[in-house]
1. In the stretch 4-220, what is the volume of the convex hull around the alpha carbon atoms, normalised per residue and reported in Å³?
2. Just how large is the dipole of the chain about the Cα centre, in debye to the nearest 20, putting +1 at every Lys and Arg Cβ and -1 at every Asp and Glu Cβ?
3. Evaluate E = 1/(1 + (r/R0)^6) for ILE30 and ASN175, where r is the Cβ-Cβ distance and R0 equals 60 Å; express this FRET efficiency to the nearest 0.05.
4. Using a simple charge model, +1 on the beta-carbon of Lys and Arg, -1 on the beta-carbon of Asp and Glu, nothing else, what dipole does the stretch 17-156 show about its Cα centre, in debye to the nearest 20?
5. Mind putting a number on the dipole of the stretch 226-401 about its Cα centre? Charges go on the C-beta only, +1 for Lys and Arg and -1 for Asp and Glu, and I need it in Debye to the nearest 20.
6. Kindly provide the helix-only [θ] at 222 nm of the chain, computed as the sum of -39,500 (n - 2.57) over DSSP H runs of four or more divided by all residues, to the nearest 500 deg cm²/dmol?
7. Evaluate the distance, in nm, between pseudo-label points positioned 7 Å from the Cα of ILE118 and of LEU185 along their respective Cα→Cβ axes.
8. Go through the stretch 103-208 and name the GluC sites (Glu not before Pro) that are in a DSSP coil and have 10 or fewer other Cβ atoms within 10 Å of their Cβ.
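Here, each number is a calculation from the coordinates, and none is a lab measurement. This is a predicted model, so every value here is computed, not measured. Glycine gets a Cβ as well: all are built from the backbone with ideal geometry, and neighbour counts include every protein chain shown.
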Amino acid sequence: MGKYLMIADDFTGSGDAGVQMSKRGVEAHIIFDLKNVEPDKSYVIDSESRNIPPNEAYNKIRNIFEDLKDIKFDYYYKKIDSTIRGNIRSEILAADSVYKPDLIVFNPANPDSNRTVIDGVLYMNGTRVCETEIMRDPLCLVTDDNLVSLMEDAMEEPVQYFNLTQIRQNKLKLNGARVITYDVLENSDMEKMVSFLLGTGKKILWVGSAGMANALFSVVEKPKPVLALVGSIAETSRRQVKKALDQGAELIEMNVKDLINGGNLQDVAGKVIKILRTGNDAVVVSAKENEDYIAAVDCGKKHGMNRQDVARYTQEKMGELSRLILKEVKVQGVFLTGGDTAISFMKKNGASGARLIEDVLPVIALIELDGGDYPNLPCIVKGGSIGNEDALVKCIQFFHNK
């Protein structure tokens, strides 16, 4: 994981930034005093500089960078308000004077809070920021919501601006300007720009709200995928799987008939591992359609197995499969459909039991494993016929938002 230095101008901004870090698995330390900074950790520093005179804000930020200049961080982020309130010019100039970046990337947008940039202009809930009540704030020092002219005036140097067409058609090339800004309608626009700018290898000072911070973490700290094991043959579960596939999850069938006939479980595991290593969520089913279940039962009969034997065999193999997968790849969490599937999963991975944490959805619980190979691994457990058709989608989203 990368090491981050983020400086926010108030406490709520610090908390916001820290949450984005934590979501990506980066341990965030919010501090006010630099005395106990350790060189191997990431920090969010609350400078409390939003509502003080500009010269005081400049000195505060400059002193922070001076005091920490002997500690190397991988990423430097100046957190600002998404409606561009505060001592933005003073704080950027202060950071620039010490850090001396190759690029200053400026964007206060946050699509999750309806802060967008269109044609270089910052909008809040569809209205230009300069036409909202924000500009009536007596402590607001910004009177320009055009990010290009705002930064040209602040930095007194050229600004390169990328519009949505350039971003979405991947027509991205630096022109030599040091200050960069760009349009944003969706989080994916920010992620594309962050990825492009990181790829330049330049020394960058990032200046933005939680929106660009989240984009930076999304690109740098790839979120771990979710593994779903669906041992239930209920029609409800089948519809839930289809909905998850529509949302981008990938399907692998553990074909029980093939396994009974001598198929290799490791081959199935290899396919799942390959998906998870790309960062995609993987859904493993024991039967794509009811016909697959019937074929497994018929095959079992030829090998002296009754229907219950085939069911027990299926759950046994599902548990063994999970063990093969988790030995090779880390996941954000595991979704388990069917009580027998959950029991087999826990036994095969050595868990002595589980702790009930909370309800994710009605009658769908989050647990954490006790003991075994993966203590505290979060799992969501659901009965085969429980939940609406979007239950699996919501559970996968729950894991990713943790």
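1. Dividing the Cα hull volume of the stretch 4-220 by its residues yields 109 Å³.
2. Computed charge dipole of the chain: roughly 1360 debye.
3. Step by step, r from the Cβ atoms, then E = 0.95.
4. Its charge dipole is roughly 260 debye.
5. 260
6. Per the formula, -12500 deg cm²/dmol.
7. 0.9
8. GLU156
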